[in-house]
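Visitor: Before anything else, here's the structure in question.
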Amino acid sequence: MELTFTPMRPADITPLTPIMKRAFYEDTRLHLGRPAGGPTGYADGSFLRQWGLHKESAAFCIWHGGTLMGGVILWLRDKTQHNTLGCIFLDLAFQNRGIGTRVWQCIEASYPETRVWEAETPLYSRRNQHFYIDKCGFAAVAMRDPQDEEHGMFLLQKRMPGWAEEI
């Protein structure tokens, strides 16, 4: 499956919002047993408008052919080469098929100067933890609010080969 990434534009917010909403709803349903939930603004487009269109983010739509599959928001720090995966989401039809791992591999290949990638994921989301740790090679390095299952987070880090000794 060939993937294409295009810069996120204001016109992309409308078609991306229901994709993000379905992705977060599914995660909440699977792990918390509730029909809805996610970060502030994920369901009305304000999350994507705030962060995906932020002048300092690198945000992309993910496509297969003419089908919009999802999106990704990155924070790239040229001077430190210590970058952050802010958000990655795929529509339900494209989940659990290895596509997210391919998306991450494309991101890594696009930014080979990165020394360390950081990300975070909810404590409750075992599926996300499996994706980041087992599939993408991140390590859990800390927890924020560990007593709060719904809002607590794993802080993740991936030190890239060849750079780890210099950090």
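The values are calculated or read from the model by the stated rules, or taken from the named source; none is laboratory data. None of the values given here were measured: they were computed from a predicted structure. Neighbour counts run over all protein chains shown; Cβ positions are idealised from the backbone, glycine included.
Visitor: Output the number of the condition that D44 fails; it satisfies all remaining conditions of (1) of a type in the set (D, E, K, R); (2) over 13 Å from the mean Cα position of the chain (by Cα); (3) closer than 29 Å to E149 by Cβ; (4) surrounded by 15 or more Cβ atoms within 10 Å (Cβ to Cβ).
Guide: Against the list (1) of a type in the set (D, E, K, R); (2) over 13 Å from the mean Cα position of the chain (by Cα); (3) closer than 29 Å to E149 by Cβ; (4) surrounded by 15 or more Cβ atoms within 10 Å (Cβ to Cβ), D44 comes up short only on (4).
Visitor: What about P15, is it outside any helix (DSSP H, G or I) and either under 19 Å from H151 (Cα atoms) or touching a residue at least 40 places away in the same chain (Cβ under 8 Å) (or both)? Write out each step before concluding.
Guide: Numbers: outside any helix (DSSP H, G or I): no; either under 19 Å from H151 (Cα atoms) or touching a residue at least 40 places away in the same chain (Cβ under 8 Å) (or both): yes.
Answer is no for this residue.
Visitor: Next question. Quick one: what pairs do we get from the range 63-76, first residue farther than 21 Å from Y42 by Cα and in a strand (DSSP E or B), second among the charged types (D, E, K, R) and modelled with pLDDT under 95, C-beta under 7 Å, 6+ apart or different chains?
Guide: Listed by first residue and then by second, the contacts come to H64/E2.
Visitor: Looking only at the range 21-40, count how many residues are in contact with a Ser or Thr (Cβ under 7 Å, 6 or more places away or on another chain) and either under 16 Å from F89 (Cα atoms) or surrounded by fewer than 17 Cβ atoms within 10 Å (Cβ to Cβ) (or both). So that I can check it myself, show each step before the final result.
Guide: Step one: filter the range 21-40 for residues in contact with a Ser or Thr (Cβ under 7 Å, 6 or more places away or on another chain), giving 27, 31, 34, 36-38.
Next, from what is left, pick out any that are either under 16 Å from F89 (Cα atoms) or surrounded by fewer than 17 Cβ atoms within 10 Å (Cβ to Cβ) (or both): 27, 34, 36-38.
Counting residues in the range 21-40 that are in contact with a Ser or Thr (Cβ under 7 Å, 6 or more places away or on another chain) and either under 16 Å from F89 (Cα atoms) or surrounded by fewer than 17 Cβ atoms within 10 Å (Cβ to Cβ) (or both) gives 5.
Visitor: Give T28, T40 a once-over and let me know the one that is over 19 Å from G100 (Cβ atoms), of a type in the set (V, I, T) and free of Cβ contacts under 8 Å to residues at least 12 places away in the same chain. Step through it out loud before you land on a result.
Guide: On the way: T28 fails: over 19 Å from G100 (Cβ atoms).
Testing whether each residue is over 19 Å from G100 (Cβ atoms), of a type in the set (V, I, T) and free of Cβ contacts under 8 Å to residues at least 12 places away in the same chain leaves just T40.
Yes/no matrix, rows are residues, columns are (1) in a helix (DSSP H, G or I); (2) under 25 Å from D78 (Cβ atoms); (3) among the hydrophobic types (A, V, I, L, M, F, W, C):
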{"site": "G100", "(1), (2), (3)": "yes, no, no"}
{"site": "E108", "(1), (2), (3)": "yes, yes, no"}
{"site": "A140", "(1), (2), (3)": "no, no, yes"}
{"site": "Q157", "(1), (2), (3)": "no, yes, no"}
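Visitor: Scanning the range 54-73 for residues that are aliphatic (A, V, I, L, M) and closer than 15 Å to R102 by Cβ, which turns out surrounded by the fewest Cβ atoms within 10 Å (Cβ to Cβ)? It would help to see each step written out before you state the result.
Guide: First, the residues of the range 54-73 that are aliphatic (A, V, I, L, M): 58-59, 62, 68-69, 72-73.
Checking which are closer than 15 Å to R102 by Cβ leaves us with 62, 69, 72.
Values: I62: 26, M69: 22, V72: 24.
Among those that are aliphatic (A, V, I, L, M) and closer than 15 Å to R102 by Cβ, it is M69.
Visitor: To continue, here is another question. Regarding E150, is this residue charged (D, E, K, R) and either closer than 22 Å to L3 by Cα or modelled with pLDDT under 95 (or both)?
Guide: On the way: charged (D, E, K, R): yes; either closer than 22 Å to L3 by Cα or modelled with pLDDT under 95 (or both): yes.
Against the criterion (charged (D, E, K, R) and either closer than 22 Å to L3 by Cα or modelled with pLDDT under 95 (or both)), E150 qualifies.
Visitor: Shifting gears a bit: For the range 92-110, which residues satisfy the criterion of being without any contact (Cβ under 8 Å) to a residue 40 or more places away in the chain and surrounded by 15 or more Cβ atoms within 10 Å (Cβ to Cβ)?
Guide: Selection gives F94, G100, W104, I107.
Visitor: Exactly one of (1) in a loop (DSSP other than H, G, I, E, B); (2) closer than 20 Å to E120 by Cα; (3) touching a residue at least 12 places away in the same chain (Cβ under 8 Å) is unmet by E2. Its number?
Guide: Every listed condition holds for E2 apart from (2).
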